[in-house]
Amino acid sequence: VLSNPRADRIKSLRRLAKRTARAEQRLFLVEGGQAVAEALVAAARGDASVREVFLAADDGARLAHLESLATEAGVPYEYASADVVRALTDTVTPQGAVAVCEYLDRPLEEVVAGGSKLVAVAAQIRDPGNAGSLIRVADAAGADAVVLSEGSVDPYNGKVVRASVGSLFHFPIVDGVSTVATIDALRDAGLQVLAADGASEADLDSPEVAAVLARPTAWVFGNEAWGLPDEVKQAVDAVVRIPIYGRAESLNLATAAALCLYASARAQQ
Ligand SMILES: C[S@@+](CC[C@H](N)C(=O)[O-])C[C@H]1O[C@@H](n2cnc3c(N)ncnc32)[C@H](O)[C@@H]1O
């Protein structure tokens, strides 16, 4: 059992809490039994590379299934003390397992070439909870990929990883690209591009919008504070509003994304 949280190996992994260290090593940490299980299943499928897994020794019985998943995926695992697990995680009560994973991002060209039917694009999304929830709801709606534009939160930030609850491992995430270039590439690949914006004339529930929802579609969502820049609204095929029936100024980004992506998914199914 690995018991020294100050061991060089652990100290070096702790640096992955910082974006610059992650980007340099192209590694990130995944914590929690459920998310680690998803990472290992993805590794066994060849969709992710997991370098190693740490399992909390005092949680051994509960984590036994992760041993077999790691073995199936050919990933080395090691038992560690609660102190070591705590040193690697940034939650107050870590759930006993941590995986060291390689970056998952894929080039936009690869996603575009894949014949996608539903893609979510976030333009400068900043809140980690929103980004994780967006990835999770896009996965639930059956989206083929999520794109986080340049200027967005890092998808490998611990809070994003936690909020995505494993969905990060289910489909390609593209990261750090220009929103307008993404829109052009997706349109060239045959998708219509719709932007979600509360101030638009076109209503998501109108017959005009309903008539086009079944087409292959990319949805673009704006920043939490300032929404979508004009150049993005001009680059898309249509800007669509989710009707607000009460007095809320707007919807939370991930909530808006849930409504738009599910509207497309229902029409497409
Ligand atoms: C919190 S909102 C941004 C609000 C911001 N004050 C603005 O000017 O747009 C974040 C994103 O969620 C989506 N969104 C929120 N409410 C929406 C609505 N009623 N209709 C369509 N999209 C909405 C949009 O993509 C928006 O850019």
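No value in this document is a laboratory result; all are computed from the given coordinates. Not measured: the values here are computed from a predicted model. Here Cβ is always computed from backbone atoms with ideal geometry, including for glycine, and neighbour counts include all displayed protein chains.
Points worth noting:
- Sorting 223-232, 110-119 by their mean Cβ neighbour count within 10 Å, with the most densely packed peptide first, gives 110-119, 223-232.
- Springs between Cα atoms under 10 Å define the GNM used for the chain, and in it the highest mean-square fluctuation of E31, E72, E102 occurs at E72.
- Backbone N atoms of segment 251-269 closer than 14 Å to the 7 Å Cα→Cβ label point of R106 are not found in any residue.
- Highest average packing first - 179-192, 7-20, Cβ atoms within 10 Å: 179-192, 7-20
- Contact order normalised by residue count of segment 34-107, Cα under 8 Å, 6+ apart, percent: 41 percent
- Residue of Y156, Y77, Y245 that the Gaussian network model of the chain assigns the largest fluctuation, springs spanning Cα pairs under 10 Å: Y245
- Cα pair distances exceeding 18 angstrom across segment 34-98, given as percent: 30 percent
- Residues of segment 153-177 with amide N under 20 Å of the 7 Å Cα→Cβ point at Q269: 167, 170-171
- Magnitude of the charge dipole, segment 119-269, Cβ model with Lys/Arg +1 and Asp/Glu -1, debye to 20: 480 debye
- Alpha-carbon centroids, segment 63-124 and segment 230-248: separation in whole Å: 34 Å
- Each label point was placed 7 Å from the Cα along the Cα-to-Cβ direction; for E208 and K11 their separation is 6.4 nm.
- Among beta bridges that DSSP assigns inside the chain, antiparallel share in %, nearest 5: 30 percent
- Backbone N within segment 155-195 under 11 Å of label point (7 Å from E231 Cα along the Cβ vector): 178-181
- Each peptide in 122-135, 204-217 receives the mean, over its residues, of other Cβ atoms within 10 Å, and ordering these scores from highest gives 122-135, 204-217.
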